[in-house]
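The values are calculated or read from the model by the stated rules, or taken from the named source; none is laboratory data. If you're wondering where the values come from, they're calculated on a predicted model, not measured in any experiment. Counting neighbours? That spans all protein chains shown, and the Cβs are built from the backbone with ideal geometry, glycine included. Remember, those area values only see protein heavy atoms, side chains included, never the ligands or the DNA or RNA. Shrake-Rupley method; radii C 1.70, N 1.55, O 1.52, S 1.80 Å.
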Amino acid sequence: DFIRSIHDYVMSQNTFYEANRYVSIHSLKRGVLCPHCNFKSTMHYESRTFCCPICSRTNRKALLLTLRDYRILVGPHINNSQFREWTGVSSCKTASKILARLNFDYVGSNRKRIYTVPQEYMFLDELG
C-alpha cells in the first residue's frame, strides 16, 4: 500500500514532517480504516465509536489515526464537510458532535467553523 509505505517512512525518520504540498483529498482512500484488518476495511460509526464490519471490533483510536493521516497528507485544517468526506460519516450533526468531543482548536462559528488537527497527532502510532 503506497500511502502506508510513505507513512512508515516518514515515521521512521523520527523527525517532524509538515507537508509543503497538499494533495487532493479526492485522490486518496477515505474512511476510518480498521487497524485490526490491516487497514483494508472501512469502519462504520455507531454508538460513539467506529466498528469494523469484517472483524466486528471497535476502535476509538482508529479515528485519531485517520485524522493523523489527514493532517500528514492533506493539511492541518478541516471543516465539517471535509471531515465527513474523509471519515465517511454521513450526518452533519454527528460529525459536529464528534468534532466537538475531540476538543480541537477552531476558528469561526457554525457553518464556517474550521478545526485544527493538533500537531501531536503526527506522532500517533497504531500500536501505542
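For the reader, a short list of remarks on this structure follows.
- The numbered conditions (1) open to solvent by less than 90 Å² (accessible area, probe 1.4 Å); (2) over 19 Å from Asn59 (Cα atoms); (3) assigned to a helix (DSSP H, G or I) are all true for Tyr115 except (3).
- Verdict on Tyr106 being among the hydroxyl-bearing types (Ser, Thr, Tyr), over 19 Å from His36 (Cα atoms) and touching a helix residue (DSSP H, G or I) at 6+ places or on another chain (Cβ under 6 Å): no
- Qualifying residue in the stretch 74-91 (condition: of a type in the set (Gly, Ala, Ser), modelled with pLDDT under 90 and not in a helix (DSSP H, G or I)): yes
- Residue in the stretch 55-63 that is under 13 Å from Cys34 (Cα atoms), part of a helix (DSSP H, G or I) and of a type in the set (D, E, K, R) present: yes
- Of all residues in the stretch 50-67, those that are touching a residue at least 60 places away in the same chain (Cβ under 8 Å) and hydrophobic (A, V, I, L, M, F, W, C) have Cβ atoms under 9 Å from Cβ atoms of residues that are open to solvent by 10 Å² or more (accessible area, probe 1.4 Å) and assigned to a helix (DSSP H, G or I), 6 or more apart or on another chain, in Leu64/Leu102; Leu64/Tyr121; Leu65/Pro35; Leu65/Tyr121.
- In the stretch 105-128, the residues that are among the aromatic types (Phe, Trp, Tyr) reach residues that are modelled with pLDDT of 90 or more and open to solvent by 90 Å² or more (accessible area, probe 1.4 Å) with C-beta atoms within less than 6 angstrom, at least six apart or across chains, in these pairs: Tyr115/Tyr106.
- Count - residues of the stretch 16-48 that are at pLDDT 90 or above and not in a loop (DSSP other than H, G, I, E, B): 4
- Total residues in the stretch 64-75 satisfying the condition of being open to solvent by 10 Å² or more (accessible area, probe 1.4 Å), more than 10 Å from Tyr121 (Cα to Cα) and not β-branched (Val, Ile, Thr): the figure is 1.
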